[in-house]
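To keep things clear, I will list the structure first and then write my remarks on it.
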Amino acid sequence: MVTDTAKLEAFRKEVRAWLRANLPKGWGTPEYKAPDPFSKEAHELGKWWQKKLYEAGYTGFGYPPEYGGIVRPPEEIAIIREELARHGTPPGPQSLGLLVAAPALLAHGQEWQKKRFIPKILSGEESWAEYFSEPNAGSDIANIQTTAVKDGDEWVINGQKIWTSMWEFADFGLIACKSDPNAPRHRNLTCFIVDCHSPGLTKLPLRQMTGNAEFGEEYFDNVRVPDKNRVGEVNQGWAVVLTALMSERSGGGAFWGGGAAAIAGAFTRLAAVRAVVDLAKETRRFGKVVWDDPVFRQKIAQMAIEAEAMRCSGQRMVARMRKGWRPTNEASIVKNFQAEMRVRNGDIIMEIIGAYSQLNRDSKRALNNGDWVYQMLRARGATIEMGTSEVNRNIIAERILGLPR
Amino acid sequence: MEWALTEEQEMLKTMARDFMEKECTRSHVRAMMEDEVGYSPELWKKMAELGWLGLIFPEQFGGQAMTFRDLTILCEEMGRSLLPSPFISTVILCGLPILFAGSEQQKKEYLSKIAEGKATFALAVLEEDGDFWPGGIKMRAEQRGNEYILNGTKMFVWDAKAADYFLLAARTRSSRDPEDGITLFIVDAKEWGVYVSPLNNIDMLRKQSDVVFTNVPVPAENIVGEVHKGWEPLKRMSLYATAALCAEMVGCGEKVLDMTVTYAKERVAYGVVIGSFQAIKHKCADMLSGLEYARSLMEWACLALSEDSPEAPLAVSMAKAYCGDVCKKVCDEGVQIHGGIGFSWEHDMHLYFKRVRTNDTAFGSSTFHRELVAQMLE
Ligand SMILES: Cc1cc2nc3c(=O)[nH]c(=O)nc-3n(C[C@H](O)[C@H](O)[C@H](O)COP(=O)(O)OP(=O)(O)OC[C@H]3O[C@@H](n4cnc5c(N)ncnc54)[C@H](O)[C@@H]3O)c2cc1C
């Protein structure tokens, strides 16, 4: 055990040194000017960074090497994620490749698809969107109405998708379509890989309450997809959808990344709590230092406690996975806890900053570049995306606790 | 830190659960509620034979030299089964301070007796304000030759009727620093002038009493640790005790969830089982999620203490704050989902509810520990 610990500490040093050498110039200093979120520059920076990480062997875990996967012991993966979170790194490219497409392809894709697409997801070279939700199919995702009709060895897709995150720069989409108008629910869907530059596919931005067009909508007008792009069997698309949803809820693959992702996320949150403590020490409300107020102290301490709870739960998960346990519906517990924590934390910060909680990112008086306010607003999407809090509670109650549907 | 249970720990857990299912039946629990002393000496003997009473003591004092995390696995199971016994009082609240500060002679005598099941202990620290802090200790011990004379009342003493000995904290000198001038004594409960008067507290499986001391002489050789320096070992013990109480609370909470989900699958209203109502489902889902995070923090606290990690005080306070809030909520929902029967004396729900309340209050409630966390964030 002693040598293990020593080895791991050496490894941690190596990761730190690599980070210092490779992060963008000026990173972490006031001189560093981050590109606007959701801009093309931000996307390109994300792609550049993920490629670097991949080449260093610091991402791409959970996949077999023949599909470009990087194999490491869970302890090393945890260290890598911890260190990345601790240093704060550029966000990845605008893509649902890691969160959604790669896990779905690994579980259900054809061999050529896994070989062709997964490596470029892991390296960040190609970006993906998730075309599932529709105006009348969100929580009730089985109610998809977009149709796919077989025509020779192609399929013809017609319909509308909506609320698509990372829509703008996506190269490929994982789409779920209704392929049999007469078959019963859950046995009438088929999934495909669709090229986002296909003729007949129109993408439009949709603004969120944050003001950003982080998601978009797509119209499919006779979009043709070759049958070899089918993921899973005909009319068996529901299984693909479930894999994708479960994986995104756990933060990057319920089957391999859940625990490590929670640990890394917790480190980011702990850093955020430290920033909030500093903020509370520097801020006065009605003339009194916020950090001296017992009610605020309680709330800020609770933020720290919840972040550590998230880390510890991740540690437990990693430990159990090492012994062969595999989480599935537990992803819903993790997803709800994190989303609802974002809501609570955002609100506490708003109270601390008082009148400044009203200022948008581009206001000249915005604090912290308006990011706290943005995060408070964005948290409201967190309890809706990837299955609403209510839907996840249903899953926990029915599929984990076994209460009747 | 190893977060997965080792094979031995899995075995300990299974053994403990089987033992308690067999030995700590519902009728035993009910009998002990009404019993003045509140535990079964035969069961205590069996626990000694299993090695539980000396689990974390060194081998030379009759112990098993196992880890604190191992001990808390037992505490989880004791919470689950509501095992009525002076285990936490004897082994943790009193055993640990003796282990930390006692003389070789004292450890040899008392820890071995504890491990063999031949001595039970109760901690007599709290007084009128009911809080575990040095400023609350006002009772005086006056030196007279080679003896100290105790006069005063200790309150909220757990398992006092069951105790052969008290570990008692009293003032031996006045000082501006409240931590200074406190001395720890081992007091024989049979000593003339010791009077135990039950308090009728809500948790009838962890009975609390006033203990009145009237001119009780204690030989100086019964002082644990240094004179005037008794707070230090108590404070150190309180971290372990707090973590153990969290383990017990999580055990209670998980049992309440099991009972509640089982009931929700059976109880019919409006022609369907109540577990098919979404309002009930969502409560159950939140109970499970809350317990996942409560357990995670509790395990962190226990592991940190087992490994003597410097993060232990933070982990313990975080765990206490979180486990208290979650387990109280879990018990509230447990009562609510059971409806009328859940509010009845006959059903066990209130026993779990009350145990969680006891543990939540002991060594500071959630709000108190959140403030400690805030101080540690500075
Ligand atoms: C920021 C963001 C990003 C998104 N990104 C994507 C994406 O990339 N790709 C994609 O396909 N989709 C995406 N979505 C869509 C998202 O998955 C859906 O919005 C979500 O599943 C809810 O569906 P809905 O909007 O149709 O709401 P509805 O399903 O109509 O829900 C409305 C309300 O009813 C409640 N409700 C519904 N069913 C039940 C039930 N059975 N029990 C209890 N309550 C219920 C819901 O909880 C909610 O409160 C995104 C959404 C957001 C907010």
- Query: In the protein assembly as shown, what % of DSSP beta bridges are antiparallel (nearest 5)?
  - Reply: 85 percent
- Message: Tell me the Kirkwood radius of chain A: reciprocal of the mean inverse pair distance over distinct alpha-carbon atoms, in Å.
- Response: 22.5 Å
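Take the alpha-carbon positions of the stretch B:1-62, form their convex hull, and give its projected area averaged over all directions (one quarter of the hull surface) in nm².
6.0 nm²
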- Task: Please report the base-10 log of the normalised intensity I(q)/I(0) for the stretch B:112-181, using a Debye sum with one equal scatterer per alpha carbon and no solvent, at each q in 0.12, 0.19, 0.26 (1/Å).
- Result: -0.38, -0.84, -1.14
- Note on the structure: Quarter of the surface of the C-alpha convex hull for chain B, i.e. direction-averaged projected area in nm², equals 19.1 nm²
- Task: For a footprinting-style exposure proxy, rank A:Ile121, B:Ile274, A:Ile305 by other Cβ within 10 Å, fewest first.
- Result: B:Ile274, A:Ile305, A:Ile121
- Item | Residues of type lysines that B:Lys329 reaches as a straight line, Cα spacing below 30 Å, ignoring anything fewer than 8 places off in the same chain | A:Lys299, A:Lys335, B:Lys13, B:Lys22, B:Lys207, B:Lys235, B:Lys255, B:Lys265, B:Lys281, B:Lys283, B:Lys320, B:Lys354
- the protein assembly as shown - charge dipole about Cα centre, Lys and Arg +1 at Cβ, Asp and Glu -1, debye rounded to 20: 1120 debye
- Item | Chain lengthening between B:Glu226 and B:Arg144 when straightened (0.36 nm per residue, less Cα-Cα) | 27.8 nm
- Query: For chain B, what is the charge dipole size about the Cα centre, in debye to the nearest 20, if Lys and Arg each add +1 at the Cβ and Asp and Glu each add -1 at the Cβ?
  - Reply: 720 debye
- Note on the structure: The percentage of Cα-Cα pairs in the stretch B:164-260 separated by more than 24 Å is 42 percent
- Which angle from 0 to 90°, rounded to the nearest 10, does the C-alpha axis of helix B:68-81 make with the longest principal axis of chain B? 60 degrees
- Message: Tell me the net charge near B:His338. Cut-off is 12 Å between Cβ atoms, B:His338 excluded, with +1 for each Lys or Arg and -1 for each Asp or Glu.
- Response: -3
- Query: Straight-line reach from A:Lys51: which lysines have Cα under 22 Å away, leaving out those fewer than 8 places along the same chain?
  - Reply: A:Lys13, A:Lys25, A:Lys33, A:Lys40, A:Lys114, A:Lys115, A:Lys120
- Note on the structure: Summing +1 per Lys or Arg and -1 per Asp or Glu among the other residues with Cβ less than 12 Å from B:Leu12's Cβ gives -4
- Note on the structure: hull vol. (C-alpha, convex hull) per residue for the stretch A:127-236, Å³ -> 91 Å³
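Looking at the protein assembly as shown, I'd like the Rg to Rh ratio, where Rg is from alpha-carbon atoms and Rh is Kirkwood's inverse mean 1/r.
My calculation of the ratio gives 1.03.
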- Enter the angle in degrees (range 0 to 90, nearest 10) between the Cα long axis of helix B:366-377 and the first principal axis of the Cα atoms of chain B, meaning the one along which they spread out most. 70 degrees
- Hey, could you pull the Cα Rg and Dmax for the stretch A:176-257, both in Å? 15.2, 41
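State the extension gain, in nm to one decimal, for the chain segment bounded by A:Glu14 and A:Lys51, taking 0.36 nm per residue of separation less the distance between their alpha-carbons. Display every interim value, and only then the final one.
On the way: separation 37, 0.36 × 37 = 13.32 nm, distance 1.85 nm.
Difference between extended and current length: 11.5 nm.
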- Query: In nm, to one decimal, how far is the A:Arg224 label point from the A:Ala355 one, both placed 7 Å along Cα→Cβ?
  - Reply: 6.3 nm
- Message: Rounded, prolate or oblate for the stretch B:63-130? Axes are the square roots of the Cα gyration tensor eigenvalues, ordered a ≥ b ≥ c, and the cut-off for rounded is a/c under 1.5.
- Response: oblate
- Message: Along the charge dipole of chain A, pointing to its positive end and built from +1/-1 on Cβ of Lys, Arg, Asp and Glu, which listed residue (A:Phe286, A:Gly324, A:Ala260) has its Cα farthest out?
- Response: A:Phe286
- Task: Putting +1 on Lys and Arg Cβ atoms and -1 on Asp and Glu Cβ atoms, find which of B:Gly79, A:Val234, A:Ala304 reaches farthest to the positive end of the dipole of the protein assembly as shown.
- Result: A:Val234
- Which ³J(HN,Hα) values, rounded to whole Hz and listed in residue order, are derived for the stretch A:206-220 from phi using the Karplus coefficients 6.51, -1.76 and 1.60 in 6.51 cos²θ - 1.76 cosθ + 1.60 with θ = phi - 60°, glycine and proline given as x? 10, 7, 9, 5, 6, x, 7, 9, 6, 10, x, 10, 9, 10, 10
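Grab the alpha carbons of the stretch A:247-405, take their convex hull, and tell me the volume per residue in Å³.
Once divided by residue count, the hull of the stretch A:247-405 is 120 Å³.
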- Item | Scattering profile of the stretch A:269-342 at q = 0.13 Å⁻¹ [log10 I(q)/I(0), Debye over alpha-carbon scatterers] | -0.52
- Rg in Å to one decimal, and Dmax rounded to a whole Å, for the stretch B:232-377 via C-alpha atoms: 16.8, 61
- Message: At 7 Å along Cα-to-Cβ for each site, give me the label-to-label distance between A:Lys40 and B:Asp308 in nm.
- Response: 6.2 nm
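What number, in nm² with one decimal, is the all-direction average of the projected area of the convex hull of the alpha-carbon atoms of the stretch B:190-230?
Projected area, direction-averaged: 4.4 nm².
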- Note on the structure: A student asked for the Cα radius of gyration and Dmax of the stretch B:7-119 in angstrom ought to give 14.0, 42
- Query: Using the beta-carbon distance between B:Lys45 and B:Asp177 and R0 = 60 Å, what value does 1/(1 + (r/R0)^6) give for FRET efficiency, to the nearest 0.05?
  - Reply: 0.85
- Query: Taking +1 at the Cβ of each Lys and Arg and -1 at the Cβ of each Asp and Glu, which of A:Met341, B:Ala264, A:Gly314 sits farthest along the dipole of the protein assembly as shown towards its positive end, judged by Cα position relative to the Cα centre?
  - Reply: A:Met341
- Those cysteines in the protein assembly as shown that have no second cysteine Cβ within a distance under 4.7 Å are A:Cys177, A:Cys191, A:Cys196, A:Cys312, B:Cys24, B:Cys75, B:Cys94, B:Cys252, B:Cys284, B:Cys302, B:Cys327, B:Cys331
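Checking understanding here: applying a Kyte-Doolittle mean of at least 0.0 and a length along the axis of at least 27 Å (C-alpha), which whole DSSP H helices in chain A pass?
A:258-282, A:331-353
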- Query: For B:Glu142, what charge total do you get from the other residues with a beta carbon under 15 Å from its beta carbon, if Lys and Arg give +1 and Asp and Glu give -1?
  - Reply: +4
- Note on the structure: Per the helix-only model, chain B has a calculated mean residue ellipticity at 222 nm (DSSP H runs of ≥4, -39500 (n - 2.57) each, divided over all residues, rounded to the nearest 500) of -15500 deg cm²/dmol
- Straight-line reach check, B:Lys107, cutoff 18 Å on alpha carbons, 8 or more apart in-chain or any other chain, hits among aspartates and glutamates -> B:Glu59, B:Glu116, B:Asp164, B:Asp188, B:Glu221, B:Glu226, B:Glu232
- Query: Using just the C-alpha positions of the stretch A:2-98 as equal point scatterers, what log10 of I(q)/I(0) does the Debye formula give at each q in 0.10, 0.13, 0.22 1/Å?
  - Reply: -0.31, -0.51, -1.24
- Item | Which of A:Met350, A:Met376 has the fewest Cβ neighbours within 10 Å, and the rest in rising order | A:Met350, A:Met376
- Quick one: helix B:312-338 against the long Cα principal axis of chain B, what's the angle to the nearest 10°, folded into 0 to 90? 40 degrees
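All of the numbers you see were taken from the coordinates with simple rules; none came from a lab. Everything numeric in this text was worked out from a predicted model, so none of it was measured. Cβ atoms come from the backbone with ideal geometry, glycine included; neighbour counts cover every protein chain shown.
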